[in-house]
2 protein chains.
Amino acid sequence: MAKKQQTHGLTEKKEDNFSEWYNQVALKAELADYGPIKGFMVIRPNGYHIWEKIQAYFNPVMEKMGVQNAYFPLLIPESFFKKEAKHAEGFAPELAWLEKEKEITERLAIRPTSETIMYDSYARWVQSWRDLPLRINQWCNVLRWEVKQTKLFLRTREFLWQEGHCAYETEAQCVQEARMALTEYQKMIEELLAIPVLAGEKTEAERFAGAKQTFTLESFMPDGRALQMATSHNLGQNFSKTFGFAFEGKTGEKEFAWQNSWGFSTRLIGALIMVHADNQGLVLPPQLARHPCVIVPILFEETKQAVLAECVKLREKLKRFNCLLDDRDYYSSGFKFNEHELKGIPLRIELGPKDLAKNQCVLVRRDTKEKKIIPLADIESAVEKELATMQQAMLKKSRQYLHECRMNAGNWNEFVAGIESKKLVEALFCGKKECEEQIRQKTLATSRCIPFDREPQNGSCVHCNQPATQRTLFARAY
Amino acid sequence: MAKKQQTHGLTEKKEDNFSEWYNQVALKAELADYGPIKGFMVIRPNGYHIWEKIQAYFNPVMEKMGVQNAYFPLLIPESFFKKEAKHAEGFAPELAWLEKEKEITERLAIRPTSETIMYDSYARWVQSWRDLPLRINQWCNVLRWEVKQTKLFLRTREFLWQEGHCAYETEAQCVQEARMALTEYQKMIEELLAIPVLAGEKTEAERFAGAKQTFTLESFMPDGRALQMATSHNLGQNFSKTFGFAFEGKTGEKEFAWQNSWGFSTRLIGALIMVHADNQGLVLPPQLARHPCVIVPILFEETKQAVLAECVKLREKLKRFNCLLDDRDYYSSGFKFNEHELKGIPLRIELGPKDLAKNQCVLVRRDTKEKKIIPLADIESAVEKELATMQQAMLKKSRQYLHECRMNAGNWNEFVAGIESKKLVEALFCGKKECEEQIRQKTLATSRCIPFDREPQNGSCVHCNQPATQRTLFARAY
């Protein structure tokens, strides 16, 4: 029986070997483990808890948007994919098919996304404008048989996500709510995950298979690569026309529905690791932590009982913060410090006999390692304040980094230099698929988005010199 | 474009054609729809909301039990199934395999349950007694390729469930917590779903594939068939030995872990329909309803504004009950009454101009159809009281039915007569697999459980007359 020996602490540094450092944080902070099949992962309780916090944040947001949760089948008939040509083409290489069984009349694939199977139902459910808008979301697993190198959370063959799929009478409402979903995503990712994002529209080359427009949130990782965080799509009437999703309009005429879809996945947990973790391990934004603070008693034989008793009182005082008391007597304090740092608990409270004598404790912040002496009487307000400060500070710090990485390129040389020095490069771009493909081949960079925070302007494309109006962000990306 | 025409209201009666009536409730209350592939279902928002309420109830229960949620891969390698022989044999006929892909070294099945893939990880994660107990649950979809006739919620090829999988140092704690899970299930099913259950242990023939003991909750449906509601299993060391799941015990010796697993599925929603729905449609226990009450204004042209204004005030007053105001002006009040009855909203409040003149409204209970005139000033307390009363009354009513259906059989003739008259028959039974198989062939009844509320006694088996000590419940079952 071979057992992997657990090595505490990271053996790689973020600045030296980012990729291996990342894997170690994911594994050693017990966020995830490799599954028995290549490209599959186990999301361990520490990782899944982050996903649950994200769900708990986003479910009420969707409720306010009028979106209801549902569940559609895992298996999709081949004929469904074939109805929307671009969609079929986009997903064909990544589909996993079921073994032929005698009673199945056609091939069945495990869902890579659920547009087709959902819209088949929508077409039957909606008869009249009175049944619209129809707003449904599902939280589920999807499978995409990646051939690229897989990576925990960032690219796995199976992942968890939410996919919202709504249908409307008018395109205006459809686009407006696709944009609204993106705005809510941005709020969540910045407020909860403390990761700043840039919002914009995708170019033709990067658009979702079957969409008329794709909106996206892009973030920028510390290794100088962009990461797509969430997207929403205006599907136009592409799917409604192929799925016969029509309804009786207010005028009595048959009309085809306007549809959008939008989603984010467990990839967000990967971004969280990359942006916030350090050489000691994970750093959790307080709002995402199961236990935002942990009490570690400093135990000596003769004072053990008194110190433990005070720690129990402390835990009671800090109950509303779901504070953990680590009273395991078979591990040393040093071992515990390292373990809780590795796992990213935002605040640590140390209390030993000397502290007890002075009616104080030591409060240590995970992100800055800053230590503060706090009178025991003030601990509640101190914890509350530090948690709020830390959540804000983490966003501010990563926002500063994003700001520093964004640069403008006025010509092709500046563009290439920017990409080579791992920046997020903004330049005027013609938007053409062929031009973008050439840029990719020359620099390995892809367009990330046409940011909403830039006005169109007249000029020429940074690469092909053809007329261009859109300032577009480019970077090498995950 | 062929559209199914929606027929409002049920065309079958519960007492005449139970099976078709059931399908109609599930479909017309928009709890579920048939998927495009035989045996698969779509869980629509009304149905999925019930599942979310169940999750919201049970997640905190598990947290108190020290159980954490996680997520394991959908696909399981063939070699994993083969490790535990009985488990492999039990699930073999129901597995759906992936099409052979060149890079896969062995066959992959979609999970029918996750014992094997979880314990493969457990064996790597646990080194010492310090890492135990390990308590993990996952909420997920599973696939069992049923060959029997499928039925919405009750038997579908894909369903949603939770599966808890825990590991311990000792068998005593393992069994104790398997029993505790069952007790928590019983509390939930009775308190939340208002369905009474009988708790007991399964006979050898009905035991889970690979388990040492299976504990079960059994309910009894209005068509005279039993339904298994939830189970928990003492797996002993069957899996830990085959998966090499050993740890260093307190004495320093290598020991194999003791394991249990426990689960319930979306089948509970099927039970809910069968037990509570009536010929007007679904009846939701108040605690499971998205909107426990709905206000239907009675609108006439000249008093419309005044009545609607009062209804808006009423909704504000009843905000904490998440009360719905149905102010759609393109449907008649009668249409709305029928629709909300069909969908099972527990309380309806009617308010028309005559009510407004008298500062009152009409409160109608879904389960009893009882109408009460309530002064507008008293509406909050009236709603609160009716919701609590209704939740209790629904459980009481179904408990009464269960009590009436349970009977004792002192000999084989009584046993056969009981089964024929669709009762839940208790009798002394030897517990042997072969004897149980003969009973099944003769009567179509299977053993449901050896109920915990009966003491063992000495006697002879109702069927084979061999010595028997266990009073065992038999019935025809879903």
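The values are calculated or read from the model by the stated rules, or taken from the named source; none is laboratory data. Computed from a predicted model, the values in this text were never measured in an experiment. Quick reminder, even Gly has a Cβ in these numbers, built from the backbone with ideal geometry, and neighbours come from all protein chains shown. Calculation scope for accessible area: heavy atoms of the full protein, side chains included, ligands and nucleic acids excluded. Shrake-Rupley method; radii C 1.70, N 1.55, O 1.52, S 1.80 Å.
The figures follow:
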| item | result |
| --- | --- |
| In range of the label at residue B:465: residues from segment B:408-425 whose backbone nitrogen is under 18 Å from the point 7 Å along Cα→Cβ | B:410-416 |
| J(HN,Hα) series, segment B:364-373, from Karplus relation 6.51 cos²θ - 1.76 cosθ + 1.60, nearest Hz, glycine and proline x | 10, 8, 5, 6, 9, 6, 4, 10, 10, 8 |
| Accessible area of residue A:347 in the full protein assembly, 1.4 Å probe (Å², nearest 10) | 0 Å² |
| Potential lengthening between residue B:38 and residue B:403 on full extension [0.36 nm per residue; Cα-Cα distance subtracted] | 127.7 nm |
| Nearest beta-carbon to the A/B symmetry axis - residue in chain A, distance in Å | A:99, 3 |
| Carbon/sulfur fraction of accessible area - segment B:30-276, other protein chains in place, 1.4 Å, % | 47 percent |
| Label-point gap, in nm, between residue B:308 and residue B:251 - each point 7 angstrom along Cα→Cβ | 8.0 nm |
| Drop in accessible area of at least 20 Å² in the complex versus isolated chain, residues of segment B:319-362, 1.4 Å probe | B:330, B:331 |
| Accessible area, probe 1.4 Å, largest first, for residues B:333, B:19 | B:19, B:333 |
| Alpha carbon convex hull of segment A:55-148, projected area averaged over orientations, nm² | 8.3 nm² |
| Simple Cβ-charge dipole of the protein assembly as shown, Lys/Arg +1 and Asp/Glu -1, about Cα centre, in debye nearest 20 | 0 debye |
| Separation of the residue B:191 and residue B:104 label points, Cα + 7 Å toward Cβ, nm | 4.3 nm |
| Accessible-area order (highest first, 1.4 angstrom probe) of the listed residues A:79, A:232 | A:79, A:232 |
| For residue A:142, solvent-accessible area (1.4 Å; no DNA, RNA or ligand), Å² | 0 Å² |
| Accessible area of the protein assembly as shown divided out per residue, in Å², using a probe of 1.4 angstrom | 41 Å² |
| Modelled FRET efficiency - R0 41 Å, residue B:455 with residue B:223, Cβ distances, 0.05 increments | 0.85 |
| Theoretical gain in end-to-end length, residue A:128 to residue A:372 [0.36 nm per residue, Cα-Cα removed] | 81.5 nm |
| Solvent-accessible area buried by A and B, counting both chains, probe 1.4 angstrom, square angstrom | 5600 Å² |
| Heavy atoms of residue A:242: accessible area, 1.4 Å probe, square angstrom to 10 | 60 Å² |
| Shape category assigned to chain A from the gyration tensor of Cα positions, a/c cut at 1.5 | prolate |
| Net length gained if the chain between residue B:333 and residue B:358 were fully extended (0.36 nm per residue, minus Cα distance) | 7.0 nm |
| Exam field: residue B:13 pseudo-label spacings to other copies (7 Å along Cα-Cβ), nanometres | 8.3 |
| Nearest 10 degrees, 0 to 90: helix A:171-191 Cα axis against chain A principal axis | 20 degrees |
| Computed [θ] at 222 nm, deg cm²/dmol, chain B (DSSP H ≥ 4; -39,500 (n - 2.57); rounded to nearest 500) | -11000 deg cm²/dmol |
| Virtual spin-label span in nm between residue A:61 and residue A:20, 7 Å along Cα→Cβ | 3.7 nm |
| Candidate lysines - alpha carbon under 16 Å from residue B:86, same-chain residues fewer than 8 apart omitted | B:212, B:241, B:433 |
| For segment A:430-478: rounded, prolate or oblate by the Cα gyration tensor [a/c cutoff 1.5] | oblate |
| Tilt relative to chain B, helix B:333-343 - C-alpha long axis, 0 to 90 degrees, to 10 | 10 degrees |
| Accessible area in the full protein assembly, largest first, 1.4 Å probe, for B:151, B:422 | B:422, B:151 |
| Other-copy label distances relative to residue A:404, 7 angstrom Cα-Cβ extension, nm | 7.7 |
| Helix A:45-64 axis, angle to chain A major axis (alpha carbon atoms, nearest 10°) | 50 degrees |
